[in-house]
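**Q** This is the structure, below, for whatever I ask next.
Any read-out appearing in this document is the output of simple, stated calculations on the displayed coordinates, not a laboratory observation. This is a predicted model, so every value here is computed, not measured. FYI the Cβ positions are ideal-geometry reconstructions off the backbone, even for glycines, and counts take in every protein chain you see.
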Amino acid sequence: MPNPHAIAVMVLTGLALILFTREKIPLETSSLFVLVALTLGFELFPYQHDGTRIHADEFLLGFGHEALVAVCALMIAGQGLVRTGALEPVGRLLARAWGSAPALSLLLTLAVGAFLSAFVNNVPIVVLLLPILISVSLRTGLPASRVLMPMGFATLLGGMGTTIGTSTNLLVVSVAAEMGLRHFGMFDFAVPVLIAGSVALLYLWLVAPRMLPPRENQLNDTSPRVFTAQLLIPEESWADGRTLKEAIEKAGGELPVLRILRSENAQLLPLPDAVLRAGDRLLLEDTPERLKEYETVLEGQLWAGDTRVDEEHPLQAEDQQLAEVVVTQGSSLEGATLAQSRFVDRHHLRTLALHRPGWQPRLLRRDIHDVRLQVGDIVLIQGSREQIERLKHEGDVLVLDATAELPHTEKAPLALAIMAGIVLPAALGWIPIVYSTLAGILLMLATGCLGWRDASRALSSQVILIVVASLALGRALLETGGAEWLAGEFVAATGGIPPAVMLSGLMLLMAIFTNIVSNNAAALIGTPIAIGIARQLGLPEEPFVLAVLFGANMSYATPIAYKTNLLVMSAGGYTFGDFLKVGIPLTLIMWGMFSWLLPQLYNV
């Protein structure tokens, strides 16, 4: 039987896995709860074994863990590529290819996305490819829903191939090295990923698009443009002699008055106690339907400039375009409201609607400015072409519109060269990736490819806290003997089963966990257990570690399994069922291929 501390840690681990699935509880809060529970628990109830005591402060060492530093550093370096538009040439090449051979271009897009994701976090890759595929969809009539999900999954496949492809890979490799395994080289498990990934890419190219319905983004069905117009108060109008406050109440509490035009040279601020007179013009900004409602309710006359608004002279918004803005990781909008970020004032744009996966679109309500935004949310905006282009080139959010113009700066070649300088020395084994990445970030900051504000935006408190909490749980399981006991129970429960089948079962278990809870949490908790299983069986430890690594990367079956899934879900208008329909077969393909390859390559 495990000791009381091991039992308590295993119970806390189970509770943590449940908390990580609760959408109403921020992942950061759940992670902080785990850290508090571990530190207070071991401080108040000390654990000693063989004369060694576990101190509570050991569970905070994850904040300085080499793997976490490497993960954060790579996120910042990837932000440098996004900010400078260093991947723009790749995007332009793909955009041109789609015009000549769409079928082959899809395969090329999937392959390029997978290749790039082996070296760069897949979030900036998805951010690069989403506008291109949306633009292709709008120009050719090809439903975006047929290509966005395969593209997103392709980047997840590529991320499996190297130690730096995903944060999960880095963490598993580091934890395994701490437990005595040799440190995996950057390409040590690239061969099985290349073989299995090639089969999966064929599925994403030939089969997955046919399984996805031609679904439009929910915001595309609602195009509420905002117009500026003047509401003339004629004689004998209800509003004549009333205060602006009374007029607003008469209009149902909403009357977006920008100015009160009293004469050619006189303008009044829209103060509540301002008294309206016959001949005044209220400068309004709203949708045509609401402007007509105000005209009827206030008994006024609607004008656009010097022209009366009627059926023959409808409202027009010159040089105004609609675009969809997707909130991405690291954006200034993530975790903030539109009001708090002063998004409208800073960019001189109108926000028309908000869409979140699982919500109906919220259209032109004041409360959309008070909704705390999260990764994957889409805001429908309206503004001039120049303003939308400026927003696109700033790179703070992902702008989806009908053009394929990509942000590019003169620093792009330099950022790309620095990124190559980060990856190549690590790939050749000259220097650990954490040190080359830190040096690369310093160069990006010194050369102006990045600013400190950009670097801070690239960091995710959610990633940091979930990694630290998972490292602490893994350490507690190891030190208290909980991991060894769980490994023994797994071996006992699967007694008589061939090791290859046991390996396959462990990988499938990780694949299920990663689609429900955080992939990093599943990997960090599963790694010490996998090593314990291998040691109890007297088998090579590397394939069991890789089974955890590969299983924890199979984030295909649910949109909540990975942040890029949320991005493509919003942009493509997918439902939860679409992910199940396409993601479960992809999971089975990868699981089946690895279940065959790992025993063959590692003699299990």
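**Q** Give the cross-link partners of K411 among the lysines, using a straight C-alpha distance below 23 Å as the criterion and excluding same-chain residues fewer than 8 apart.
**A** K392
**Q** By average Cβ neighbour count within 10 Å, what is the ranking of 69-76, 57-64 from highest down?
**A** 69-76, 57-64
**Q** Could you calculate the contour length gain from I431 to L601, that is, 0.36 nm times the residue separation minus the distance between their Cα atoms, to one decimal place in nm?
**A** Here the segment from I431 to L601 would lengthen by 58.5 nm.
**Q** Which of the peptides 544-552, 120-128 is most tightly packed, and how do the rest follow, going by the mean number of other Cβ atoms within 10 Å of each residue?
**A** Values: 544-552: 28.4, 120-128: 26.0.
Peptide ranking by packing, descending: 544-552, 120-128.
**Q** What fraction of the Cα pairs in the range 227-308, stated in percent, has a spacing above 18 angstrom?
**A** Roughly 29 percent, rounded to a whole number.
**Q** Further, regarding this structure: When the scattering of the chain is computed by the Debye formula from its Cα atoms alone, each counted once and equally, what is log10 I(q)/I(0) at q = 0.06 Å⁻¹?
**A** The Debye formula, applied to the Cα set alone, gives -0.38.
**Q** Anything in the chain that counts as a DSSP H helix reaching 24 Å or more along its axis (C-alpha) with Kyte-Doolittle mean of at least -0.5? List them, would you?
**A** 27-44, 66-84, 122-140, 461-479, 519-537, 576-602
**Q** Still on this structure: I'd like to know which of S135, I512, I431 lies farthest towards the positive end of the charge dipole of the chain, counting +1 on Cβ of Lys and Arg and -1 on Cβ of Asp and Glu.
**A** Going by the charge dipole, the pick is I431.
**Q** Can I ask one more? How about K250: which lysines have a C-alpha closer than 26 Å to its C-alpha, ignoring those fewer than 8 places off in the same chain?
**A** Correct list for K250: K292.
**Q** Which net charge results when you count Lys and Arg as +1 and Asp and Glu as -1 among the other residues whose beta-carbon is under 10 Å from that of V375?
**A** -1
**Q** In the neighborhood of T337, defined by Cβ-to-Cβ distances under 9 Å, what is the net charge if each Lys or Arg adds +1 and each Asp or Glu adds -1?
**A** Charge balance near T337 sits at 0.
**Q** Two-decimal Rg/Rh of the range 162-283 from alpha-carbon positions, Kirkwood Rh?
**A** 1.53
**Q** Sticking with this one: How many angstrom separate the Cα center of the range 567-604 from the Cα center of the range 75-90?
**A** 28
**Q** While we're here: Given the DSSP H assignment, sum -39500 (n - 2.57) over each helix run of at least 4 residues in the chain and divide by its residue total; what's the result at 222 nm in deg cm²/dmol, nearest 500?
**A** Mean residue ellipticity at 222 nm (helix-derived): -17500 deg cm²/dmol.
**Q** Exposure proxy check: K392, K245, K250 ranked by fewest other beta carbons within 10 Å?
**A** K245, K250, K392
**Q** For a quick protection proxy, order the peptides 102-108, 465-471, 378-384 by their average other-Cβ count within 10 Å, most packed first.
**A** Numbers: 102-108: 16.0, 465-471: 25.9, 378-384: 22.6.
Top of the packing list down: 465-471, 378-384, 102-108.
**Q** Using the Cα centre of the chain as the reference point, and only Cβ charges (+1 on K/R, -1 on D/E), how large is the resulting charge dipole? Debye, rounded to the nearest 20. Please report the intermediate quantities before stating the final value.
**A** On the way: 40 positive and 53 negative charges, 229 e Å.
Using only the charged Cβ atoms, the result is roughly 1100 debye.
**Q** While we're on this one: Setting aside same-chain residues fewer than 8 positions from K581, which lysines have a Cα under 29 Å from its Cα?
**A** Partners within reach: K24, K563.
**Q** Taking the dipole about the Cα centre of the range 227-308, with the C-beta of Lys and Arg at +1 and of Asp and Glu at -1, give me whichever of L232, A266, G252 is farthest to the positive side.
**A** The listed residue farthest towards the positive side: A266.
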